[in-house]
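Just so you know, all these numbers are worked out from the coordinates, no wet-lab data involved. Predicted model, so just to flag it, every value in this text is computed and none were measured.
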Amino acid sequence: MEIEELGEPIGKQDQYGTAVGGLKFIRFLRDNTVTVEPIILEREIQQELNENLLLFYTGITHSAGDILKEQNANIISAEQKFNNLIKMTEQAYEMKQALIGGNLNRFGEILNEGWHLKRELASKITSPEIDRYYELAIKNGAKGGKLLGAGGGGFLLFYCEKDRQKRLRAALSDMVELRFSMEQEGTKIIYVGEKDWD
């Protein structure tokens, strides 16, 4: 609907990400097929990952459509930006292996490397204020992070080991932290009213 009916310049990853639960590796193939591979972690690694991911709301709103339009145009016209996308794809494979192998510090480092690649794709992906928050987080214990979604505002996710989280939270105290944990079920109906059964 968003792509075909509304003409939004978006991908399909959000829809698959929410429909299929758990940690997964999603591949979007040239023939328009999609494969979803569950990433099964040892319980201790899954728990550590959950405990070391921190989510903060920047308070900045944005238009994902505008950012993605510019990003798409830039990728078509600029070889360097296209190469950044190739590197980000390679990082997804490396991140998968880091998670499976329990190398969570490397996972955090890849997040940081990906941040620097993504921010070059379009001018509105980041801003001086978001850059300031990101650098504050890195200086105060985060291994890496990313803006969720297209960028420009919204939520910042960071990987930070437990012994550094108090310092990180203090540094980002003017943002709202949202506590969360990964779930395994994906999208589901949680309420059906009586009328819906008629």
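With 28 Å as the limit, the listed pairs 12/166; 87/139; 118/188 have 12/166; 118/188 beyond it between alpha carbons. Rg and Dmax of the stretch 135-195, based on Cα coordinates, read 16.1, 54 Å.
How large, in Å, is the stretch 87-139 by the Kirkwood hydrodynamic radius built from its alpha-carbon pairs?
Values: mean 1/r = 0.0829 Å⁻¹.
Value: 12.1 Å, from the Cα pair sum.
So if each residue of separation counts as 0.36 nm, and I subtract the Cα-Cα distance between residue 29 and residue 191, what length gain in nm does that give?
On the way: separation 162, 0.36 × 162 = 58.32 nm, distance 3.49 nm.
Between residue 29 and residue 191, full extension yields an extra 54.8 nm.
Stretching residue 170 away from residue 132 to a fully extended chain increases their span by 12.2 nm, per 0.36 nm per residue minus the current alpha-carbon distance.
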